[in-house]
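Before any comments, here is the structure.
The values are calculated or read from the model by the stated rules, or taken from the named source; none is laboratory data. A quick note: this is a predicted structure, and the numbers were derived from the prediction, not measured. For neighbour counting, all protein chains shown are included, and Cβ atoms are generated from backbone atoms with ideal geometry for every residue, glycine included.
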Amino acid sequence: AGFYGGWFDTVVMRVAEFFQVIPSFILAAVIVAMTGTGLGQIIAVVSLLAWPQVARVMRGEVMRVKQLEFVDAVRCLGLPERSVLVGEVIPNAVAPVLAVGTLIVGQAILLEAALSFLGLSSAELVSWGRMLNSGQRFLFNAWWLSFFPGTAIFVTVLAFNLFGDAVGAVLDPRRAR
């Protein structure tokens, strides 16, 4: 969308903005309540709520890279626009998307845990959120039933965020300076 612009770019960005202005958790809870609590539904909801961030970052990077001089040089060689996009622009725009992708994994873990904590996921699925929910009634007598799943969520999300920062630092030469 960012490479070609026009009406397609406008439509994609308006749809992405729609998903970004509604709070993710509320939208996820409504969708899961309407569609069901199976594993497929949870994955679909998390994916549906994650794509706008990736799309906006990728669009911005594609728009930035397509203005660079080496892209103009490749165009002067007479390559078709699709070859310029696939061969030059996307490979040079993917680094920030990888970094944002790891951050989105952390958000997805938190969203799934929150849905499971509230009972909006299948009872057959093992989830840290469901473990937190089950352990809360024993909080004073057996605190570890909630402590360890909560710590696992915290450490996992922190690890993905730190990994995302490291990926961004390694792949983005401007940030490495």
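List every residue pair whose Cβ atoms lie under 8 Å apart, where the two residues are 6 or more positions apart in sequence or sit on different chains, the first residue falls within the stretch 29-49 and is part of a helix (DSSP H, G or I), and the second residue, located anywhere, is of a type in the set (Asp, Glu) and modelled with pLDDT of 90 or more.
Close Cβ pairs (under 8 Å, with a partner that is of a type in the set (Asp, Glu) and modelled with pLDDT of 90 or more) amount to ILE42/GLU112; VAL46/GLU112.
Does VAL57 fit the bill of being assigned to a helix (DSSP H, G or I), surrounded by 17 or more Cβ atoms within 10 Å (Cβ to Cβ) and modelled with pLDDT under 90?
no
Between SER24, SER47, which is closer than 12 Å to GLU112 by Cβ and surrounded by 13 or more Cβ atoms within 10 Å (Cβ to Cβ)?
Result: SER24 is the single residue among SER24, SER47 that is closer than 12 Å to GLU112 by Cβ and surrounded by 13 or more Cβ atoms within 10 Å (Cβ to Cβ).
Among the residues of the stretch 41-94, which ones are in contact with a Ser or Thr (Cβ under 9 Å, 6 or more places away or on another chain) and over 29 Å from PHE18 (Cβ atoms)?
Hit for the stretch 41-94 is VAL74, nothing else.
For the stretch 78-121, what are the residues that are acidic (Asp, Glu) and crowded, with 19+ Cβ neighbours inside 10 Å?
The answer is GLU88, GLU112.
Going through VAL105, VAL74, VAL126, VAL65 one at a time, which residue ends up being out of contact with any strand residue (DSSP E or B) (no Cβ under 8 Å at 6 or more places or on another chain) and closer than 24 Å to THR10 by Cα?
VAL65
Of all residues in the stretch 60-77, how many are surrounded by 11 or more Cβ atoms within 10 Å (Cβ to Cβ) and among the acidic types (Asp, Glu)?
The number of residues fulfilling the criteria is 2.
Could you identify the single residue in VAL157, VAL167 that is buried (at least 17 other Cβ atoms within 10 Å of the Cβ) and touching a residue at least 60 places away in the same chain (Cβ under 8 Å)?
Going through VAL157, VAL167 in turn, the sole match is VAL167.
Only one of (1) outside any helix (DSSP H, G or I); (2) at pLDDT 85 or above is not met by ARG130, so which one is it?
Every condition holds for ARG130 apart from (1).
Just to be sure, is MET63 more than 17 Å from the chain's Cα centre (by Cα) and touching a residue at least 40 places away in the same chain (Cβ under 8 Å)?
Considered against the rule, which asks whether it is more than 17 Å from the chain's Cα centre (by Cα) and touching a residue at least 40 places away in the same chain (Cβ under 8 Å), MET63 comes out as yes.
With among the aliphatic types (A, V, I, L, M) and at pLDDT below 85 as the only criterion, which of ALA73, ALA108, ALA113, ALA123 stands out?
Unique residue meeting the criteria: ALA123.
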